[in-house]
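The values are calculated or read from the model by the stated rules, or taken from the named source; none is laboratory data. For clarity, every value in this text was computed on a predicted model and none was experimentally measured. Please note: Cβ atoms are built from the backbone with ideal geometry, for glycine as well, and neighbour counts cover all protein chains shown.
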Amino acid sequence: MAAPTLLFVWPFETELGWLALVGDGRRVTQLVFGCRSRQHALEALPNAVRANARVANWNPALAERLVSYATGAPEGFGDVALDLDHLSPFQRKIVKHCRAIPYGASLSYGELAALAGAARAARAVGNTMAGNRHPLFVPCHRVTKSGGDPGGFSGPAGRRMKLRLLEMEGRAQILPPTTPKRGSARKKPTRQKARPKSR
């Protein structure tokens, strides 16, 4: 019987709560976020992961990028290697197209299913998003119901976190960083829902 793969887990705090970044030294195998404490982040991981994971900051550069994203910076994670061995070929297509949704945009479950080659497989898309082990890297929060309803979210903070992420990304898209002139009034940010870009 093959020995379990040695994993590394790094829990750290961000503006989006505590995260636990899990990987094998090369690929991200799992991410949890939105946790209230270091212990909560570790307990949110499956028992099998905790049993085979060593606490270590195995990818400091990626951890810094996650901290930056949590402050509202438009970070992209399309270059991050992920462990997708547990997914079927169709699920990998779904993940591929989900990762291509730009920061500040969104697609419906049906639209994502069509991009993956099966326009009527919205339910399969929903199931894949619900089981997403790599939130933020596979931005399932950008996949919503048709008609504008954000839909559910399976992370520890649930739907509330999904709404927070969509609002954060939408606000960043319409408010590029500027330096106000001395003595000028700073305008209050205008909230805008993230909208899908045309394909």
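Sub-8 Å Cβ pairs linking a first residue in segment 44-58 that is in contact (Cβ under 8 Å) with a residue 60 or more places away in the chain to a second residue that is of a type outside the set (S, T, N, Q) and surrounded by 12 or more Cβ atoms within 10 Å (Cβ to Cβ), at least 6 apart or interchain, are A44/A20; A44/V32; A44/C35; A44/P156, ordered by first then second residue.
Screening segment 99-145 for residues that are among the small types (G, A, S) and in a helix (DSSP H, G or I) and picking the one that is surrounded by the most Cβ atoms within 10 Å (Cβ to Cβ) gives A113.
Determine whether L21 is at pLDDT 95 or above and either surrounded by fewer than 16 Cβ atoms within 10 Å (Cβ to Cβ) or under 14 Å from the mean Cα position of the chain (by Cα) (or both).
Working: at pLDDT 95 or above: yes; either surrounded by fewer than 16 Cβ atoms within 10 Å (Cβ to Cβ) or under 14 Å from the mean Cα position of the chain (by Cα) (or both): yes.
When the stated conditions are applied, L21 passes them.
The residues on offer are L136, L163, and the sole one that is out of contact with any Ser or Thr (no Cβ under 9 Å at 6 or more places or on another chain), within 29 Å of H86 (Cα to Cα) and modelled with pLDDT of 95 or more is L136.
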